[in-house]
Amino acid sequence: MYTIFKNDTSIILTDDVNMLLKKDHFLWKEVREQNRLEKLLSMKHTEVYLFDKDLQAMWKEFKEYFKIIEASGGIVKNESGEILFIFRNGIWDLPKGKIEINESREEAGLREVEEECGFTSLSLGKFIGTTYHLYDEKESQVLKVSYWYEMTSSQKDLTPQLEEGITALKWVGKADQHQILDNTYPNILRLLEMYQARIQ
């Protein structure tokens with residue numbers, strides 16, 4: 001299953017026949033043949049289910065509709081187990097950025113987190129998972145694929161990268177995360193759920 005976010009809509013690609021019982025479900029074959037994907041994505045839904053028995057073939061075809069941008073970032077924890085959030089353009093987020101040519105996902109994740117938060121001491125941990133979201137860029141629609149890694153640091157003196165729209169950094173414990181999660185993106189909520197499920 002793949003979950004892609006566009007604003008407040010979740011587009012769920014699935015091969016689970018039980019999802020055909022959901023209200024807003026569509027057969028991928030029909031969507032593709034009738035060229036209905038753009039219309040579906042412009043409608044107001046909470047969740048859209050796209051079904052095909054061959055999930056990987058559907059995913060491959062789905063991606064062909066978009067310009068793909070790959071990014072990498074991290075969930076950074078300190079010695080107290082707090083997670084570092086960044087305040088970018090008025091919304092709480094996690095540090096990440098585009099992968100450069102000839103750069104590995106791991107290298108990009110470390111570099112971007114270091115640049116956005118001012119780290120000079122940062123350790124890479126395990127891969128957490130991948131998030132997907134759609135947005136409009138000039139004349140094209142972009143599918144951003146973001147790879148996320150665990151990272152740790154004991155560094156205290158951090159500096160937000162103002163030129164990237166980051167105006168604040170905040171270490172947040174689990175008990176206080178609700179304040180952050182009320183003003184963040186759906187894909188960040190999903191990522192944190194994936195992360196919590198992994199470490200429990």
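The values are calculated or read from the model by the stated rules, or taken from the named source; none is laboratory data. As the structure is a computational prediction, the values presented were derived from the model and not from experiment. Heads up, the Cβs are rebuilt from the backbone with ideal geometry, glycines too, and the neighbour counts pull from every protein chain shown. The protein model used for the area step is the full one, side chains on, heavy atoms only, and it has no ligands, DNA or RNA in it. Shrake-Rupley method; radii C 1.70, N 1.55, O 1.52, S 1.80 Å.
Residues of the stretch 73-92 that are open to solvent by 50 Å² or more (accessible area, probe 1.4 Å) and touching a Gly at 6+ places or on another chain (Cβ under 6 Å): GLU82, ASN89.
One residue stands out in the stretch 138-187 among those that are in contact with a Pro (Cβ under 7 Å, 6 or more places away or on another chain) and open to solvent by less than 40 Å² (accessible area, probe 1.4 Å): the one that is nearest to GLY109 (Cα to Cα), namely ILE166. Within the stretch 93-127, the set of residues being open to solvent by 40 Å² or more (accessible area, probe 1.4 Å) and aromatic (Phe, Trp, Tyr) comprises PHE127 only. The helices (runs of 4 or more DSSP H) falling completely within the stretch 86-200 that include 3 or more residues that are touching a Leu at 6+ places or on another chain (Cβ under 8 Å) and modelled with pLDDT under 95 map to 186-199.
For the stretch 35-72, the set of residues classified as within 27 Å of PHE127 (Cβ to Cβ), in a loop (DSSP other than H, G, I, E, B) and open to solvent by less than 30 Å² (accessible area, probe 1.4 Å) consists of PHE66 only. Looking only at residues in the stretch 4-34 that are open to solvent by less than 40 Å² (accessible area, probe 1.4 Å) and within 17 Å of the chain's Cα centre (by Cα), the one that is farthest from TYR147 (Cα to Cα) is THR9. Among the residues of the stretch 48-104, those that are among the acidic types (Asp, Glu) and touching a residue at least 24 places away in the same chain (Cβ under 8 Å) comprise ASP52, ASP54, GLU61, GLU70, GLU79, GLU82, ASP93. For the stretch 63-72, the criterion of being out of contact with any Leu (no Cβ under 9 Å at 6 or more places or on another chain) and polar (S, T, N, Q) is met by none of the residues. Can you tell me which condition TYR135 does not meet? The list is (1) exposed (fewer than 15 other Cβ atoms within 10 Å of the Cβ); (2) over 20 Å from LEU13 (Cβ atoms); (3) aromatic (Phe, Trp, Tyr), and all the others hold. Failed condition: (2).
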